[in-house]
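FYI, it's all coordinate maths here, none of it is from the lab. What you see is a predicted model; the values in this text were computed from it and never measured. When we count neighbours, we look across all protein chains shown, and the Cβ atoms used for this are built from the backbone with ideal geometry, even at glycine.
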Amino acid sequence: TFPGESETKVSSMCCGNSGGFLNCARERGTLSICNKLCYAVGGAPYQITGCALGFFLQIYLLDVAQLDPFYASIILFVGRAWDAVTDPTVGFLVSRSPWTRFGRMLPWIILSTPLAVVCYFLIWYVPPFEDGKVIWYLVFYCLFQTLQTCFHVPYSSLTMFITSDQKERDSATAYRMTIEVLGTVIGTAIQGQIVGMANAPCVPVLNGVPAELGGNASSVLLSQPESNSSIPGISLDDTKNAYMIASGIICGIYILCAIVLFFGVREKKESCRPRSEPMSFFQGMKLVMGHGPYAKLVMGFLFTSLAFMLLEGNFALFCSSTLGFRDDFQNILLVIMLSATLAIPFWQWFLTRFGKKSAVYFGTSVRPAAERSSEPKAPLAGGSMLPDVVDDFQVANPDSVGHEAIFYSFYVFFTKFASGVSLGVSTLSLDFAGYITRGCSQPAEVDLTLRLLVSAAPIALILVGLLIFRSYPIDEERRQGNRKLLQELRDQEAESESDSTELANMA
């Protein structure tokens, strides 16, 4: 069960009207199961594409697109660092967007989806030319990040607009985080299993040098890989086609989820109070970063996200190169993600029993030992902590409202920036260590680098994040107090509006 779940008969789960095929009844801020499911489905595209890119993009650029590790590091870093502009900017633009008949967040989501799936598909396409290949991947990777931001920032902010009831928000967030964890499993299964059936052939290596080449070829890009296949019957063209098939399936799921979200969820204009006067971008940044609990939450997740992204981005290479599981690493990833899904009930119970702060702190503490098998704890608790920070801000600044998208956009920015830094630095480190493109074995320096990237470095970063989380001030007592104060404020505003209506009718 999920927190805040209302006891509702199955017959009243969904009810249609002329507004949409999945419009569900809502009374007094209560969300039906149908509403929560439709809202939760919207979180799947970000996790599916993020999981596929996080686990497979690095090894794809190195071994399939055959880019030099230096250029691959530039693509991975710049693509994520581009969010330094797009995430806060989109959050700022969303916060100033006018209300439409479909709401304020949903138009951003549905309009960005078609272009996003096109760019995502082209990321996994190897162009038939060499000179502009780096520019190709850089452009479409940056475009996809921008368009996905136009989807994810409004979607993250949507939590504040589907209901004004904090208990219902927590319940909807629990549904969302559950679907997102399932999305990571789906992304790993689709990308990993399809690509695994046509794994890129490797080149035998003797004394740190590809066997077919007589010199130091650690930085040489092989132009005719099909003739060097270590797996009979499978060519590099087969691997390229497998990546395109996987990306096509993921694009279809992306579109389907966006449609379900658009028709199954309605923004409630009355869910938030009237917005204050619009402010400039830098005023908005100063406003949200000046709120102590938000700054500590974001900085804590910055370091822990950097640690997790280091592990995620290098795990495939670690399994295939260091551990020697080149043909089975996708199965290892799938088993780990399935174990994460099975851990959801425990972490959900822990969250409701001990609170969000304790769940994040304890869950992150055991993460270095459990690696990705403890994946659900951070989303379940961490994602639901953002509405608490927004509520705390509204209590401290009752006259400053309507800036929810800015809070969420900076949170998304720091998460993606951490991913860019981790992938860029780790890929550049592999270049310095002498990574051999498509080599069946790697130099000892590469093996040592990969071990550090998936063990020592993440543990150090997690420890820093834990120190920051210790000072996070919003515990369960303060959260409940904020919830009570905001509800009293809403009741007062409702009474004031009712009195104004009565006076107008009398006049």
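Some observations on this one:
- Environment charge at Cys202 (Cβ cut-off 11 Å; Lys +1, Arg +1, Asp -1, Glu -1): 0
- Centre separation in Å (Cα based) which lies between the stretch 457-476 and the stretch 309-341: 26 Å
- Cα gyration tensor category, rounded, prolate or oblate, for the stretch 286-346 with a/c compared to 1.5: oblate
- Contour excess over end-to-end distance, with Cα ends at Gln480 and Asp327 and 0.36 nm allotted per residue: 50.0 nm
- Charge context of Tyr71, other residues only, Cβ under 13 angstrom, K/R +1, D/E -1: -3
- Inter-probe distance in nm under a simple model that places probes 7 Å from Cα toward Cβ, at Glu488 and Leu452: 5.6 nm
- For Asp327, net neighbour charge (Lys/Arg +1, Asp/Glu -1) across residues whose Cβ lies under 15 Å away: -1
- Taking each residue as 0.36 nm, the span from Ser496 to Glu130 lengthens on full extension beyond its C-alpha to C-alpha distance by 125.0 nm.
- Gyration tensor (alpha-carbon) shape descriptor, the stretch 149-199, a/c threshold 1.5: oblate
- For Val203, distant residues with modelled amide H under 5 Å away: Gly439, Cys440
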